[in-house]
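Below: one structure, written as structure tokens.
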Amino acid sequence: MKTRSSHFLLSCGLFFSLFLFPLFCSAGNVYKIFIVHSYEAENVCGWPQERGILEGLAEQGFTEGNNLQVERFYMDTKRVHTTPEQIAAQGRAALAAIKKMQPDVVVTLDDNAARMVMLPLVDSEVPVVFSGINNTPEWYNSRKQFMNSRKRPGHNVTGVYEKLHMAKSLQVMKAVLPDLKRIVILVDDSPTGLAMQKQVAAELAGNSGDILYSFRQAGDFSEYKRIIRQINSNPAIGSYYPACSKLDDGARGVATVPEIIAWSLSHSTKPAMAVNYSFSRLGLFGGASVNFPAMGRQAALKIAAILTGTRAGNIPVEDAEDYAIVFNLARARQIGISIPVDLLGAADQVYNTMELGGPMLQPQVMIIRSRGKRVMRP
């Protein structure tokens with residue numbers, strides 16, 4: 001039973017959180033967060049998450065350069081530090097930098113940062129918020145326990161799991177291509193690629209409708225190219241889902257997302273479903289994609305809660321809630337895809353250029369057909 005004094009203390013706490021905390025922040029207190037990126041600076045997966053985090057924190061009253069200090073560490077595990085030994089060394093370097101800074105919150109983006117930085121910090125004094133992981137929270141928990149349950153983790157770690165929204169993506173592609181019967185999902189042989197294969201299989205189990213799907217694993221860029229040419233020549237395959245982010249390219253080094261997408265735009269004749277909508281900006285056809293900035297904003301709410309005094313262990317681990325419907329009209333025109341006008345009107349983003357696009361072997365023309373009222377897009 002609460003006493004009058006306990007009600008008074010609770011009221012005081014709410015007053016501090018809602019009214020005095022913004023004044024407290026503006027009085028010169030600076031909060032420190034340390035963001036560990038799995039990949040390089042401005043990576044198409046990591047950067048949109050960080051942008052969402054900083055936007056979300058600003059909405060909560062924390063702005064970089066004012067009352068928020070942000071340090072960043074780029075593990076660069078797709079282009080430079082690619083071997084298991086190098087990835088582990090980058091993790092140790094990040095941990096050393098964290099120890100030096102003593103941040104209020106550590107943020108890990110994507111799987112390599114989660115494996116090499118989040119897990120070693122479990123049950124330490126520093127709270128950790130993860131975002132963008134493709135291996136499930138339960139998979140990480142089996143390696144080192146950081147949550148008693150998703151609803152109440154109970155330790156010093158919380159975060160956002162990167163749900164792919166694959167079932168929705170298939171629905172959108174079916175709306176564009178009514179005769180779509182089969183897709184191919186391409187993954188690489190990296191830990192992230194293998195995690196994504198499990199992720200897609202789990203999300204589509206019993207949820208793919210009448211669309212058949214199969215997985216192809218590309219061991220290197222040459223094999224990826226062979227698979228794309230096979231897809232081109234198979235009329236039964238209507239679309240593909242390129243989830244490869246790192247492929248060995250022989251003497252040329254490592255092909256990452258920009259190189260993979262650029263080659264695909266020049267040689268593929270089928271529409272590619274975009275894993276995240278930044279890929280559609282680069283030139284992939286689109287569909288329903290992971291909304292990486294929204295996932296970052298979702299993580300920002302957890303970071304802000306920790307900065308205002310909530311224990312990380314009391315903050316639920318969640319799936320990324322939002323997806324974005326996105327199309328690239330330049331790519332649609334290039335491969336001759338007809339997009340219903342009302343579906344364009346429902347899109348969150350429509351791109352008219354391909355940042356990585358070049359001429360195709362057989363350029364075609366797109367016709368937009370209407371299924372209902374006409375909606376104009378800028």
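So, residue 64, is that one closer than 28 Å to residue 281 by Cβ, touching a strand residue (DSSP E or B) at 6+ places or on another chain (Cβ under 6 Å) and free of Cβ contacts under 8 Å to residues at least 12 places away in the same chain or not? I'd like the intermediate steps shown before the answer.
Working: closer than 28 Å to residue 281 by Cβ: yes; touching a strand residue (DSSP E or B) at 6+ places or on another chain (Cβ under 6 Å): yes; free of Cβ contacts under 8 Å to residues at least 12 places away in the same chain: yes.
It is true that residue 64 is closer than 28 Å to residue 281 by Cβ, touching a strand residue (DSSP E or B) at 6+ places or on another chain (Cβ under 6 Å) and free of Cβ contacts under 8 Å to residues at least 12 places away in the same chain.
If residue 314 satisfies every condition in (1) surrounded by fewer than 17 Cβ atoms within 10 Å (Cβ to Cβ); (2) without any contact (Cβ under 8 Å) to a residue 24 or more places away in the chain but one, which is the exception?
Looking at each condition in turn, residue 314 falls short on (2).
Would you check which residues across the range 99-120 are over 19 Å from residue 300 (Cβ atoms) and in a helix (DSSP H, G or I) and list them?
In the first step, residues of the range 99-120 are kept if they are over 19 Å from residue 300 (Cβ atoms); the result is 99-102, 111-112, 115-116, 119-120.
Of everything in the range 99-120, those that are over 19 Å from residue 300 (Cβ atoms) and in a helix (DSSP H, G or I) turn out to be 99, 100, 101, 111, 112, 115, 116, 119, 120.
In the range 222-245, which residues are touching a strand residue (DSSP E or B) at 6+ places or on another chain (Cβ under 7 Å) and either assigned by TED's automatic domain parsing to the domain that holds residue 45 or in contact (Cβ under 8 Å) with a residue 40 or more places away in the chain (or both)?
First, the residues of the range 222-245 that are touching a strand residue (DSSP E or B) at 6+ places or on another chain (Cβ under 7 Å): 224, 227, 231, 236-245.
Passing the criteria: 227, 231, 236, 237, 238, 239, 240, 241, 242, 243, 244, 245.
Take the conditions buried (at least 21 other Cβ atoms within 10 Å of the Cβ), in contact with a Pro (Cβ under 7 Å, 6 or more places away or on another chain), closer than 30 Å to residue 127 by Cβ and in contact (Cβ under 8 Å) with a residue 60 or more places away in the chain and apply them to residue 196. Does it pass? Break it down into steps so the answer makes sense when it comes.
On the way: buried (at least 21 other Cβ atoms within 10 Å of the Cβ): yes; in contact with a Pro (Cβ under 7 Å, 6 or more places away or on another chain): no; closer than 30 Å to residue 127 by Cβ: yes; in contact (Cβ under 8 Å) with a residue 60 or more places away in the chain: yes.
Taking the combined requirement at face value, the residue does not satisfy it.
List the strands (runs of 3 or more DSSP E) inside the range 201-292, counting only whole elements, that have at least 3 residues being in contact with a Phe, Trp or Tyr (Cβ under 7 Å, 6 or more places away or on another chain). Full working, then the answer.
Details: elements: 212-218, 239-243, 246-248, 254-256, 286-290.
Result: 286-290.
May I ask you to say which residue of 364, 298 is outside any strand (DSSP E or B) and modelled with pLDDT under 95?
Numbers: 298 fails: modelled with pLDDT under 95.
Just a single option satisfies the conditions, and that option is 364.
Quick one: in the range 38-67, which of the residues that are surrounded by 22 or more Cβ atoms within 10 Å (Cβ to Cβ) and not in a helix (DSSP H, G or I) is nearest to the chain's Cα centre (by Cα)?
Among residues in the range 38-67 that are surrounded by 22 or more Cβ atoms within 10 Å (Cβ to Cβ) and not in a helix (DSSP H, G or I), the one nearest to the chain's Cα centre (by Cα) is 45.
The values are calculated or read from the model by the stated rules, or taken from the named source; none is laboratory data. All values reported here derive from a predicted model rather than from experimental measurement. Glycine also receives a Cβ, built like all others from the backbone with ideal geometry; neighbour counts cover every protein chain displayed.
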